[in-house]
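The values are calculated or read from the model by the stated rules, or taken from the named source; none is laboratory data. None of the values given here were measured: they were computed from a predicted structure. Quick reminder, even Gly has a Cβ in these numbers, built from the backbone with ideal geometry, and neighbours come from all protein chains shown.
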Amino acid sequence: MQRSSAHCGAIGRFVLVFAVLCGMRSTGFAHPQAQPTVYYVDPGSSGGTGLDWTTAKTTIEDAISVASDGDQIWVKEGTYLPIGPSGPFDGYLVSKGLSFYGGFLGNETNPWPNPPAPGGSFDATIIDGQTSSRCFSIIGASSIHRVEIRGFKIINGESSTSANGPALGGGVYCVNTELLLSDCKLVHNHGPVRGGGLYFSDLTGAGSWTLNIKRSTFDDNWVNEGKGGAIAGSFMNAGDIVNTVFSQNRVTVSGDGGAVYLEDMGANELRFTNCVFWRNSASGSSAKGGGICLEETSPSSFSDAKIVNCTFVMNVVTVLANGPALYCSPNSVCGLHNSILWGNTLGGGGSLFTPTFAGPVTVSWSDLEGYPPGTAPPTCLSEDPEFRSIAFAYGLTLRGTSNCLDHGNQLEIPNDFLDVNEDGLTIGQSVPIDLNGAGRDHDWPAAFDQGIPGGTFVDMGAFEKQ
């Protein structure tokens, strides 16, 4: 673990950044001070008040109807259909500030305020739109303006039949309220125009509401002619997407942002940390951003997105200059740090296409494919990152001989606003784990320390070598 001379003065910079971060506002959710009422859902119950498992409500709709702002809904394992045979097709319509928790066996009694620790599996609590209905429609959630969805698999959502925001957000449609998604999988959802998996916006244009996502997966979601195969968002407040995988999401006919499309963020920044973008694609003669597309109507002097310790592999766009991994419009601003962009290509095949990203992107401490030797941006590499496997998203860990090891800048890692490791610490602690849940504070003994430390040296990409 040899220290290079590039680290002189790093401690002073760390102290300065730490002081600034300690003054920042957390974008995570604080639970209301009053103890909420918990309503239970078990389709096998005989029904009742819903105030315990023995009298559980039999449907999620019934629990929503009796719950009030700030309450929680605990849902037993099983498959839930958010529509009847004749609709309505908005799925679960939520206009209150509620928290939905899945994965329960039906006997848990964890007291609030401790987060629920279900004995079952998040994968086994399924909301199935059956390709005929959206799964959740969240609209202006009352006076609390906060909704949380944790521990659900949201599948087969379809928004073309919805009364609210038709063609937007096949899995989840959320407007005019804050949203936290955690430990969720959104799979095979379709929104014809925007946000196959999730559509999020402040319809007033004020940018008042925050989108936060942690420990989740967006897989095989799509739009046809539109924006954002997995997520489309606009006019949102600053937020975080942490430890999340975007795989095989797509714009199938014509449009931008194979996985994520963001527009008109104004002075607000969405931070991506420890995320993988694998095999997402944007099609069409003017498509932009196989992984992420950022667009602003008016010039912005503020960052629309900060991308840290993310890995982009095998994302595709059909136009060479429009960023197979990342597109940032001329009016947008983006920071890209400690990340790996490799194997992203132009649709139709070919070997290597540059730029992997396009637009006004500030880049540091990243591995970027396509630069001739010695021409990569300062602090960056352009060499094989030596992945263990590119065949699946979680195979994109680094071999022990990779030059990406101990080659990142820990000072770029954002605060752990969402408490991704559930240790109760947010302000004053950077995101402490990688996508696999392993510690970021792990030096690889055989690697030459070339990055900037914040105590230890971090690797490039979403995974830390252990």
For ALA163, all conditions in the list (1) at pLDDT below 90; (2) crowded, with 22+ Cβ neighbours inside 10 Å; (3) among the aliphatic types (A, V, I, L, M) hold save one; what is the number of the exception?
(2)
Cβ-Cβ under 7 Å pairs, at least 6 apart or on other chains, the range 382-398 side over 15 Å from VAL276 (Cα atoms), far side basic (Lys, Arg):
GLU386/ARG399
All positions within the range 124-146 that are surrounded by fewer than 24 Cβ atoms within 10 Å (Cβ to Cβ) and at negative phi:
ALA124, ILE126, ASP128, SER132, ILE139, ALA141, SER143, ILE144, ARG146
Can you name the residue in the range 172-221 that is in a strand (DSSP E or B) and of a type in the set (Val, Ile, Thr) and is also farthest from LEU418 (Cα to Cα) among such residues?
VAL187
Filter the range 116-129 down to the residues that are assigned to a loop (DSSP other than H, G, I, E, B) and modelled with pLDDT of 95 or more and list them by number.
GLY129
I'd like to check something: does the range 105-115 contain any residue that is at pLDDT below 95 and in contact with an Asp or Glu (Cβ under 6 Å, 6 or more places away or on another chain)?
yes
Might you check whether a residue that is surrounded by 15 or more Cβ atoms within 10 Å (Cβ to Cβ) and among the charged types (D, E, K, R) occurs anywhere in the range 453-463?
yes
Flag for ALA462 being part of a loop (DSSP other than H, G, I, E, B), out of contact with any Phe, Trp or Tyr (no Cβ under 8 Å at 6 or more places or on another chain) and either of a type in the set (S, T, N, Q) or more than 17 Å from THR244 (Cβ to Cβ) (or both):
no
What number of residues within the range 246-270 are within 14 Å of the chain's Cα centre (by Cα) and either polar (S, T, N, Q) or surrounded by fewer than 24 Cβ atoms within 10 Å (Cβ to Cβ) (or both)?
3
Cβ-Cβ under 6 Å, sequence separation 6+ or interchain: first residue in the range 61-78 and within 25 Å of GLY119 (Cβ to Cβ) and touching a residue at least 40 places away in the same chain (Cβ under 8 Å), partner of a type in the set (Gly, Ala, Ser) and in a helix (DSSP H, G or I). Which pairs?
GLU77/ALA124
Set ASN436, ASN403: member being surrounded by fewer than 16 Cβ atoms within 10 Å (Cβ to Cβ), in contact with a Phe, Trp or Tyr (Cβ under 9 Å, 6 or more places away or on another chain) and not in a helix (DSSP H, G or I):
ASN436
Any idea which of (1) modelled with pLDDT under 95; (2) aromatic (Phe, Trp, Tyr); (3) farther than 16 Å from PHE136 by Cβ is the one PHE89 doesn't satisfy?
(3)
Residues that are at pLDDT below 95 and either assigned to a loop (DSSP other than H, G, I, E, B) or more than 16 Å from TYR199 (Cα to Cα) (or both), drawn from the range 134-145
GLY140, ALA141, SER142, SER143, ILE144, HIS145
Can you tell me which condition PHE235 does not meet? The list is (1) closer than 23 Å to LEU179 by Cα; (2) buried (at least 24 other Cβ atoms within 10 Å of the Cβ); (3) touching a strand residue (DSSP E or B) at 6+ places or on another chain (Cβ under 7 Å), and all the others hold.
(2)
Subset of the range 222-245 [among the hydrophobic types (A, V, I, L, M, F, W, C) and either part of a loop (DSSP other than H, G, I, E, B) or within 9 Å of the chain's Cα centre (by Cα) (or both)]
ALA230, ILE231, PHE235, MET236, ALA238, ILE241, VAL242, VAL245
Mind listing whichever residues of the range 369-397 are outside any loop (DSSP other than H, G, I, E, B) and either modelled with pLDDT under 95 or farther than 30 Å from LEU211 by Cα (or both)?
LEU381, PHE387
Checklist (1) modelled with pLDDT of 95 or more; (2) outside any loop (DSSP other than H, G, I, E, B) applied to VAL363, failing item
(1)
Go through (1) within 16 Å of the chain's Cα centre (by Cα); (2) within 22 Å of TYR394 (Cβ to Cβ) and name the single condition SER281 misses.
(1)
